[in-house]
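Read through the structure below, which is laid out as structure tokens, and then see the notes.
The values are calculated or read from the model by the stated rules, or taken from the named source; none is laboratory data. For clarity, every value in this text was computed on a predicted model and none was experimentally measured. Neighbour counts run over all protein chains shown; Cβ positions are idealised from the backbone, glycine included. These area figures cover heavy atoms from the full protein model, side chains too; ligands, DNA and RNA do not enter into them. Shrake-Rupley method; radii C 1.70, N 1.55, O 1.52, S 1.80 Å.
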Amino acid sequence: DGVVAEVLLGRLAAGEQERPCCRVRLAGPADDVATAARRLAGALPARAATTALAAEALALAGAGLPEPSAQVEMDEDAAEPTAGEAFARLFATLAATLVRLAPDVGPQDEEPVHQMRVAVRRLRSALRIFHRAAGGAALAEADTRLGALARLLAPARAWDVFLGTTGQALVAALPDSPEVARLLAAAEHRRRRIYAALQAHLAGPDFRLLGVDLAVLAVQRPWEKDEA
């Protein structure tokens, strides 16, 4: 349907460091590109890219990836952006943060889940703050889907907090208690089951489609069409 797909398949190398890399670039009419991206994300383990290949190569070389910022940076020489443009920049940054963190979610590190929850809260807050300048059915649907994601992230974070605070306090107060040991073992078992379910969701088509749809919203800015 007028969309051209370019597949880049190879390896990124930096010194002795090397890893496989695959990108699909889509070109064509905006609506058709968005449809093609959704089809790919629904059928294949493909997610929206959040960094350029050059940035990934620098990270492989040890420079690290720059942390995305939720601040909306403005060029002093550029014309002052509209509220809709400022929202689009903020929305794109936070959406990219969600997609970037998802592969790192797991019981070995609680920080990705925490940061994903922060990004979701900020996205939904932005939707409410900018609703007069950037609203409409598409963003309302995005808010509903982000709310569903927040509910999936919450139990993992709750168990992380319980084991890291209340659990540690119990151990300190009753270091030799077998009951406390059993309680914490059961809590950790439950935590790992919740993380396993969360990881499966984040690796599945629903989350991949959410990432693509958020990227499409940030680029196409449907609220501007609604105004027109």
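Within the range 123-142, the residues that satisfy the criterion of being charged (D, E, K, R) and loosely packed, with under 15 Cβ neighbours inside 10 Å are R128, R132, E141. The number of residues in the range 12-55 that are among the aliphatic types (A, V, I, L, M), touching a helix residue (DSSP H, G or I) at 6+ places or on another chain (Cβ under 6 Å) and free of Cβ contacts under 8 Å to residues at least 60 places away in the same chain comes to 3. Does the range 35-44 hold any residues that are within 12 Å of D1 (Cα to Cα) and of a type in the set (A, V, I, L, M), and which are they? Matches in the range 35-44: A36 only.
Okay, residues lined up against (1) among the hydroxyl-bearing types (S, T, Y); (2) in a helix (DSSP H, G or I); (3) modelled with pLDDT of 95 or more; (4) open to solvent by 30 Å² or more (accessible area, probe 1.4 Å):
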site: A186; (1), (2), (3), (4): no, yes, yes, yes
site: R190; (1), (2), (3), (4): no, yes, yes, yes
site: Y195; (1), (2), (3), (4): yes, yes, yes, no
site: L198; (1), (2), (3), (4): no, yes, yes, no
site: H201; (1), (2), (3), (4): no, yes, yes, yes
site: F207; (1), (2), (3), (4): no, yes, yes, no
site: L210; (1), (2), (3), (4): no, yes, yes, no
site: L217; (1), (2), (3), (4): no, yes, no, no
site: E224; (1), (2), (3), (4): no, yes, no, yes
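Of all residues in the range 124-134, one or more are among the hydrophobic types (A, V, I, L, M, F, W, C), assigned to a loop (DSSP other than H, G, I, E, B) and touching a Ser or Thr at 6+ places or on another chain (Cβ under 8 Å).
Tallying residues that are out of contact with any helix residue (DSSP H, G or I) (no Cβ under 7 Å at 6 or more places or on another chain) and either open to solvent by 60 Å² or more (accessible area, probe 1.4 Å) or of a type in the set (A, V, I, L, M) (or both) within the range 155-165 yields 3.
Scanning the range 23-42 for residues that are under 23 Å from D206 (Cβ atoms) and open to solvent by less than 80 Å² (accessible area, probe 1.4 Å) turns up R23, V24, L26, D32, V33, A34, T35, A36, A37, L40, A41, G42. The single condition from (1) of a type outside the set (A, V, I, L, M, F, W, C); (2) within 29 Å of R47 (Cβ to Cβ); (3) open to solvent by 60 Å² or more (accessible area, probe 1.4 Å) that D176 fails is (2).
Taking the criterion of being touching a Gly at 6+ places or on another chain (Cβ under 6 Å) and either closer than 13 Å to V212 by Cβ or at pLDDT below 90 (or both), the residues of the range 22-59 that qualify are R47, A48. When you scan the range 92-108, do you find a residue that is within 13 Å of the chain's Cα centre (by Cα), crowded, with 17+ Cβ neighbours inside 10 Å and farther than 27 Å from Q220 by Cα, even just one? Within the range 92-108 (the criterion being within 13 Å of the chain's Cα centre (by Cα), crowded, with 17+ Cβ neighbours inside 10 Å and farther than 27 Å from Q220 by Cα), the answer is yes, since at least one residue qualifies.
With respect to being assigned to a helix (DSSP H, G or I) and surrounded by 16 or more Cβ atoms within 10 Å (Cβ to Cβ), A148 falls outside the description.
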